[in-house]
Structure formats: C-alpha cells, structure tokens
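Peer 1: Could you have a look at this structure, given as structure tokens, before my questions?
The values are calculated or read from the model by the stated rules, or taken from the named source; none is laboratory data. If you're wondering where the values come from, they're calculated on a predicted model, not measured in any experiment. In this analysis, Cβ positions are derived from the backbone assuming ideal geometry, glycine residues included, and neighbour counts consider all displayed protein chains. Side chains are part of the model used for accessible areas, which takes the heavy atoms of the whole protein and leaves out ligands, DNA and RNA. Shrake-Rupley method; radii C 1.70, N 1.55, O 1.52, S 1.80 Å.
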Amino acid sequence: FDNMYFHLSKRGDMESDSVGSGNTINLRYRKYTLEVISDTISYWTTNDAANPISFAYGVDYQTACSAWHAAIKYMKYNNSEATIICPSKLGFSDDVTNIIPYGYDLRIQIKKY
C-alpha cells in the first residue's frame, strides 16, 4: 500500500502454514496517534479478553481495516508481530476523515479449520 510503513518485529512460527485468503485471523492490537505527544487510543485490551478480534483474512473488511489486511500479507505466520504506520484513509471508516496517521502494533494467530 502507498504511504504505509511496515516493520516485522517477530517472524512467528515459520514451520506453520502461511496465511491464505479466507483463513480466520485472531488479532490483538494497540492503536496510537503519531502527534507530538503520543496518545495511545487503545492498549492490548483484546489481550486480556477471552477472545481477540477475529475476521476472515482477505474477505472481511468490516471487522478489520485495509491496513491490517495489507500487513498480515507480510506477517504470514502464527504468532508474528509487526508495527505499521498508515494514513487514516487505510484505517477504519471512523478514522477516514482524520488527517493524522495512526500506528498499530499487531499480533496474529492463524486459525485453520
């Protein structure tokens, strides 16, 4: 994606199968703004919940924003972690009108049935 920064901080389990379209992704994230004084919008709140956010990779763009789908393409494996910085237009519909870019720290698990 144009204007998106991606940094893979943990490769994950490379012995596992890589992600494919339609696979269920369990995602834990932290979202923050990139203003002079950083404002953390959400912490690893889903980390404490019984179930993280789940969505179908490459299919469900209501639960997961375009930036997350793009990042997961490169994260590929179970338990991988990455940081992305993206313009608000690649985020959720509530963020699209904002001009401030957002940062996300992501952790994924791929569920194959």
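Peer 1: Does Val59 satisfy being farther than 23 Å from Glu35 by Cα and out of contact with any strand residue (DSSP E or B) (no Cβ under 9 Å at 6 or more places or on another chain)?
Peer 2: Criteria met by Val59.
Peer 1: Across segment 32-61, what is the number of residues that are open to solvent by 50 Å² or more (accessible area, probe 1.4 Å) and modelled with pLDDT under 80?
Peer 2: Selection size over segment 32-61: 13.
Peer 1: Test Ile72 against the criterion of being modelled with pLDDT of 80 or more and assigned to a helix (DSSP H, G or I), and give yes or no.
Peer 2: Criteria met by Ile72.
Peer 1: Next up: Take the residues in segment 10-31 that are outside any loop (DSSP other than H, G, I, E, B) and open to solvent by less than 40 Å² (accessible area, probe 1.4 Å), then tell me which one is farthest from Gln109 (Cα to Cα).
Peer 2: The extreme case among them is Lys31.
Peer 1: Consider segment 70-89. How many of its residues are open to solvent by 10 Å² or more (accessible area, probe 1.4 Å), of a type outside the set (Lys, Arg) and within 18 Å of Leu8 (Cβ to Cβ)?
Peer 2: The qualifying residues number 8.
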